[in-house]
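Below: one structure, written as structure tokens.
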Amino acid sequence: MSVGKIEINGKVHEAPIIIGSEGEVALDISKLRAATGMITLDGGFKNTGSCTSSITYIDGANGVLRYRGYAIEELCEKSSFLEVSKLLVDGNLPNSSALSSFQDQIKKASSLPEGVKSIIKSFPKSAHPMGVLSSALAALSGHFEAKDYGNLSKADFDELIPTMMGAVKMIAAYNYRHNKGENFLDSKSDLDYCSDFINLMFGEVDKDIAEALDVLFILHADHEQNCSATAARVAGSAHANIFASMASGVNALWGPRHGGANQKVIEMLEMIEADGGDYQKYIEKAKDKSDPFRLMGFGHRVYKNFDPRAKIIKKYCETVLNKLGVKDPTLDIAKGLEEVALKDPYFVERKLYPNVDFYSGIIYRALGIPTNMFTVMFAIGRMPGWIAQWKELLGQGMAISRPRQVYTGETLRTYKDVESR
Ligand code: ACO
């Protein structure tokens with residue numbers, strides 16, 4: 001084992017160097033505080049690894065994304081969302097009988113208790129679907145027997161994983177129907193996952209839409225230790241139940257700096273269109289540090305060359321729009337914006353490229369999905385990734401996530417009563 005050396009106040013401390021299977025290196029500083037009394041400080045975890053993981057590999061410099069060793073490009077071309085889900089949670093591609101029993105288990109889990117349906121119906125139609133999704137997922141915990149989440153059996157995982165995959169699809173579709181003032185439809189056992197979801201929403205299946213969704217869900221299925229996966233892992237590390245842990249993932253994803261960006265991108269493109277299509281003006285706004293405006297769908301913590309998912313989605317966007325016969329002016333604005341930004345020194349120097357959210361909203365819009373549901377679509381796709389991350393964490397017997405801090409507040413002072421304040 002190789003070691004790194006850290007010199008603090010003239011004393012040298014050794015820390016093991018951990019090398020990943022793709023040659024990524026990390027300095028294991030977990031014993032540093034015991035030896036030195038010092039913690040490491042890294043707000044936003046920009047240079048902190050929280051775990052070792054064998055699920056997803058990203059090489060941000062070269063735009064590489066692989067699930068369990070398989071290139072995202074190959075999975076999008078040859079696999080299906082449920083097969084990829086099984087790959088993520090189990091580690092290997094399933095054989096046909098394992099895949100079909102996984103499909104059957106999800107179909108059996110594709111209904112919601114009346115209480116959860118009532119919770120969805122209790123929300124105002126204006127409520128954001130991500131809030132409804134998180135609430136309904138958490139509420140579902142009340143309909144399953146309590147388990148020891150620090151000591152789950154294989155049978156528990158076999159029950160819980162399809163339950164979550166079925167539930168996220170049902171909650172999303174039912175919330176859509178509720179917002180439209182339409183009655184809830186039953187899941188159809190003869191339909192595949194995406195076709196069933198389309199049918200639950202629209203009451204009919206369009207093969208092209210279901211196929212497009214399948215690819216989008218594969219692209220979103222996992223992305224290693226991102227904000228929402230970390231949120232799901234942190235809750236899971238406390239041995240919170242799966243419903244609470246996945247709701248934590250949903251809540252973190254909702255933010256506009258993360259999955260919520262797909263909604264913000266379309267709103268931005270529509271704003272630029274309404275403003276006469278002058279995207280140069282918005283490039284200048286994004287560069288202006290006194291202006292809070294950022295180019296939504298641009299930039300990524302890890303990808304500093306290109307986001308391979310954005311590359312696939314951009315190509316796919318044109319295919320889907322052509323196939324559905326949709327002409328969308330926001331696609332031209334998005335392309336123009338990208339072209340100008342990629343030549344602008346501000347974006348070039350900071351290595352800012354379109355991310356997964358830049359073009360996905362244009363496809364969702366063409367598929368008839370309302371804008372405020374875009375992030376829910378992301379959450380459906382990401383569910384197997386969160387589950388895989390949570391399962392891996394429990395399998396590793398990971399300690400509870402509990403970072404340290406450097407306190408910068410007042411030192412000890414004495415209580416003053418109201419009159420003397
Ligand atoms: N528009 C304009 N400037 C940007 C943008 C942007 N979209 N993104 C980053 N920058 C600038 C920052 O102002 C900063 O400039 P500075 O060095 O002069 O201060 C520099 O680029 C680095 O940006 P950070 O915010 O420090 O990078 P970080 O890794 O913390 O953030 C993030 C990454 C959150 C994705 C950021 O690029 C962003 O806010 N993008 C827009 C929102 C978005 O599209 N989010 C979806 C990400 S993909 C996903 O989560 C699924």
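The values are calculated or read from the model by the stated rules, or taken from the named source; none is laboratory data. Just so we're clear, the structure is a prediction, and the values are computed from it rather than from any experiment. For neighbour counting, all protein chains shown are included, and Cβ atoms are generated from backbone atoms with ideal geometry for every residue, glycine included. Ligands, DNA and RNA are stripped out before the accessible areas are found, and what is left, the full protein with its side chains, is counted by its heavy atoms. Shrake-Rupley method; radii C 1.70, N 1.55, O 1.52, S 1.80 Å.
A few comments on the model shown:
- Annotation: amide H of G260 within the under-5 Å range of G255, sequence separation 5 or more or interchain, hydrogens built in the peptide plane.
- Annotation: amide H of F298 within the under-5 Å range of N355, sequence separation 5 or more or interchain, hydrogens built in the peptide plane.
- Computed from backbone phi with θ = phi - 60° and the Karplus coefficients 6.51, -1.76 and 1.60, the 3J(HN,Hα) list for the range 54-68 is 10, 8, 10, 10, 10, 10, x, 6, 10, x, 10, 9, 9, 9, 6 Hz; x is used for glycine and proline.
- Once exposed loop GluC sites (Glu not before Pro) are cut out (DSSP; at most 12 other Cβ, 10 Å), longest piece of the chain: 205-409
- Given a 1.4 Å probe and the protein chains as shown, M271 ends up with an accessible area of around 90 Å².
- Residues with amide H under 5 Å from that of H13, placed H, sequence gap 5 or more: I6, E7, I8
- Under the span-like rule (Cα at least 30 Å along the axis, Kyte-Doolittle mean at least -1.0), DSSP H helices of the chain: 154-180, 374-395
- Once exposed loop chymotrypsin sites (Phe, Trp or Tyr not before Pro) are cut out (DSSP; at most 10 other Cβ, 10 Å), longest piece of the chain: 1-406
- Phi-derived couplings, Karplus 6.51 cos²θ - 1.76 cosθ + 1.60 at θ = phi - 60°, listed residue by residue for the range 29-44: 9, 4, 9, 5, 5, 4, 7, 10, x, 9, 9, 9, 10, 7, x, x Hz, with x used for Gly and Pro.
- Relative contact order (%) - the chain, alpha-carbon pairs under 8 angstrom, separation at least six: 20
- For the range 293-299, backbone phi angles converted through the Karplus equation (6.51, -1.76, 1.60; θ = phi - 60°) give residue-by-residue couplings of 5, 10, 6, 5, x, 10, x Hz, Gly and Pro being listed as x.
- Coordinate range along principal axes, alpha carbons of the range 80-397, Å, largest first: 56, 43, 40
- Between the C-alpha center of the range 242-265 and that of the range 385-421 there is a gap of 21 Å.
- Prolate/oblate/rounded call for the range 3-49, Cα gyration tensor, a/c under 1.5 rounded: oblate
- Mean separation of Cα pairs under 8 Å and 6 or more residues apart, divided by the residue count, gives the range 3-49 a relative contact order of 23 percent.
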